[in-house]
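**Q** Below is one structure. I have some questions about it.
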Amino acid sequence: MDTVLGIDIGGTSITCGLVKGKELISVLSKPTLADKSAEEVFENLASCIDTLINNQVKAIGLGVPGLLNQEEGCILNISNIPAWKDFPLRNKLQEKYNIPVFLDNDANCFALGTKHFGKGYNYKNFAGIVLGTGVGGGLIIDDKIHSGLFCSAGEIGCMPYKDGTFETYCASTFFPNNYKLSGKEMADKANAGDADAIAAFHAFGYHLGKLATNIIFTLSPEAIILGGSISQSFHLFKSGLDAAMEEFPFKSISSNIDIIPDHFDNIAVLGAAGLYYNSL
C-alpha cells in the first residue's frame, strides 16, 4: 500500500495527515498564519510536512479553497491567504521534497475523500456537496474527479436561486439569517421536538432538494453525497428534501438517485491524499 501525505489548507489551520492505503496513520494540525507573507506561510506549511514525512511517502496531495491552475501548479486566488495570489505552490514543494505534488480545490477533495474512503466508493458518477458556512461541490465522473477550468467545476452553491444563490438557502447562514439562531442551536431545538425548529429544517431541506434537482437535470448522477457540518442533521431536513424531490417530473430518474450523508473525521485530508490515487 502506497503512503501519501494529504493536506487540507484553510484560512485558519493547516491539517496534514499520513495516509497508507485506507488508513490515516497520523494527523497534525497547526495555525495557517494566513496574514503573513507568502514565504512565511509556505515555510509554516513545510514545517508541518517535515514533522510527518518519511522516505515511504510517494506523493503529497493538497486541498486549497481557491482557484488553481493545475497545469502550472499555481494558486491563482485564495481569499483566506491573500499573499498566495499567483503562488507557485506545486513547484516549490516538488523542488523541496522531490516527490510528485497534486493540487485541487478543497470541495473537490471532499468528493475524492468520499470516493476513496467513504460511501462514494459504490458509485461511478456522483456529486459531492459540502454544506457548511458556504456550499461547495465536487464532481466524480467515470470514477475520476472532474475539476474543470481552474478547479472550479461543481461550484453549485453559486448558482442563482430565488433572491440570491443556493448558498443563501443551503448553507449554515440560512438559520441565523432567517431564525436568529445558529444551525446547531436550531438542531438542538428540533431534536428536542420544537415545532418551529422542525419546520425550519424542513424548509432548509426543501431548498436543498431544489439544488439537488438542478444537479440531476445537469448531470443525472447515480448519487448526491452530502458532507459538512450540516449533513449531520440529515434526519432533520430529509423530509423537506424528499418533498422537493417529489416535484421532480421524471420519477424514473429521481427514484433511482441516492441522496445520502457521508461525514467522518479528516475527510478533507483523506480527499487530498485521494488526489494521488485519482492520478493512477
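**Q** Take the stretch 78-99 and flag every residue that is touching a Lys or Arg at 6+ places or on another chain (Cβ under 9 Å) and over 17 Å from LEU33 (Cα atoms).
**A** ILE99
**Q** Select from the stretch 137-161 the residues that are part of a loop (DSSP other than H, G, I, E, B) and out of contact with any His (no Cβ under 8 Å at 6 or more places or on another chain) and list them in ascending order.
**A** Here is the first cut: in the stretch 137-161, the ones part of a loop (DSSP other than H, G, I, E, B) are 142-143, 147-148, 152-155, 159.
Within the stretch 137-161, ASP142, ASP143, SER147, GLY148, SER152, GLU155, MET159 qualify.
**Q** Could you tell me whether the stretch 146-153 includes any residue that is crowded, with 22+ Cβ neighbours inside 10 Å and either at pLDDT below 95 or within 13 Å of the chain's Cα centre (by Cα) (or both)? Give the derivation first.
**A** Step one: of the stretch 146-153, the residues crowded, with 22+ Cβ neighbours inside 10 Å are 151.
Now narrow it down to the ones that are either at pLDDT below 95 or within 13 Å of the chain's Cα centre (by Cα) (or both): 151.
Yes, because at least one residue in the stretch 146-153 is crowded, with 22+ Cβ neighbours inside 10 Å and either at pLDDT below 95 or within 13 Å of the chain's Cα centre (by Cα) (or both).
**Q** If you check every pair at least six apart or on different chains, which have Cβ atoms under 7 Å apart with a residue in the stretch 177-200 that is assigned by TED's automatic domain parsing to the domain that holds GLY132 first and a residue that is surrounded by 14 or more Cβ atoms within 10 Å (Cβ to Cβ) and of a type in the set (Ser, Thr, Tyr) second?
**A** GLY183/SER172; MET186/TYR179; ALA187/SER233; ALA200/TYR179
**Q** Considering only residues that are assigned to a strand (DSSP E or B), among the hydroxyl-bearing types (Ser, Thr, Tyr) and loosely packed, with under 14 Cβ neighbours inside 10 Å, which ones fall in the stretch 26-53?
**A** To start, the set of residues in the stretch 26-53 that are assigned to a strand (DSSP E or B) comprises 26-31.
Now drop any that are not among the hydroxyl-bearing types (Ser, Thr, Tyr), which leaves 26, 29.
SER26 - this is the single residue of the stretch 26-53 that is assigned to a strand (DSSP E or B), among the hydroxyl-bearing types (Ser, Thr, Tyr) and loosely packed, with under 14 Cβ neighbours inside 10 Å.
**Q** Another question, then. I'd like to check something: does the stretch 227-235 contain any residue that is of a type in the set (Ser, Thr, Tyr) and over 25 Å from PRO65 (Cβ atoms)? Quick ask: steps written out before the conclusion?
**A** Here is the first cut: in the stretch 227-235, the residues of a type in the set (Ser, Thr, Tyr) are 229, 231, 233.
Those left that are additionally over 25 Å from PRO65 (Cβ atoms): none.
Within the stretch 227-235, none of the residues are of a type in the set (Ser, Thr, Tyr) and over 25 Å from PRO65 (Cβ atoms).
**Q** With the stretch 165-280 as the region, which helices (runs of 4 or more DSSP H) entirely inside it contain at least 1 residues that are over 22 Å from ASP106 (Cα atoms)?
**A** 174-179, 183-191, 195-219, 234-246, 251-254
**Q** Residue check: is LEU226 in contact with a Phe, Trp or Tyr (Cβ under 6 Å, 6 or more places away or on another chain) and either surrounded by 22 or more Cβ atoms within 10 Å (Cβ to Cβ) or under 16 Å from GLY132 (Cα atoms) (or both)? Before the answer, list the steps.
**A** Numbers: in contact with a Phe, Trp or Tyr (Cβ under 6 Å, 6 or more places away or on another chain): no; either surrounded by 22 or more Cβ atoms within 10 Å (Cβ to Cβ) or under 16 Å from GLY132 (Cα atoms) (or both): yes.
So LEU226 fails the test.
**Q** Going through the stretch 196-237 one residue at a time, which ones are closer than 17 Å to PHE175 by Cβ and charged (D, E, K, R)?
**A** Result: ASP196, single match.
**Q** I've got another one for you. Within the stretch 220-247, which residues are within 16 Å of THR114 (Cβ to Cβ) and either more than 18 Å from the chain's Cα centre (by Cα) or not aromatic (Phe, Trp, Tyr) (or both)? Please lay out each step first, then the result.
**A** The first filter runs over the stretch 220-247 and keeps only residues within 16 Å of THR114 (Cβ to Cβ), leaving 221-232, 234.
PRO221, GLU222, ALA223, ILE224, ILE225, LEU226, GLY227, GLY228, SER229, ILE230, SER231, GLN232 - these are the residues of the stretch 220-247 that are within 16 Å of THR114 (Cβ to Cβ) and either more than 18 Å from the chain's Cα centre (by Cα) or not aromatic (Phe, Trp, Tyr) (or both).
**Q** Identify, by number, the condition in (1) surrounded by fewer than 18 Cβ atoms within 10 Å (Cβ to Cβ); (2) touching an Asp or Glu at 6+ places or on another chain (Cβ under 6 Å) that PHE126 doesn't meet.
**A** Just one mismatch for PHE126, condition (1).
**Q** Next up: For the stretch 268-280, give me each residue that is under 30 Å from SER239 (Cα atoms) and modelled with pLDDT under 90. Please lay out each step first, then the result.
**A** Going residue by residue through the stretch 268-280, those that are under 30 Å from SER239 (Cα atoms) are 268, 271.
Within the stretch 268-280, just ALA268 meets the criteria.
**Q** Answer with yes or no whether GLU167 is over 29 Å from VAL41 (Cα atoms), crowded, with 16+ Cβ neighbours inside 10 Å and under 15 Å from the mean Cα position of the chain (by Cα). I'd like the intermediate steps shown before the answer.
**A** Values: over 29 Å from VAL41 (Cα atoms): yes; crowded, with 16+ Cβ neighbours inside 10 Å: yes; under 15 Å from the mean Cα position of the chain (by Cα): yes.
Yes; evaluated as a whole, the condition is true for this residue.
The values are calculated or read from the model by the stated rules, or taken from the named source; none is laboratory data. Source: prediction; values computed, not measured. No Cβ is skipped: glycine too gets one built from the backbone with ideal geometry, and neighbour counts run over all protein chains shown.
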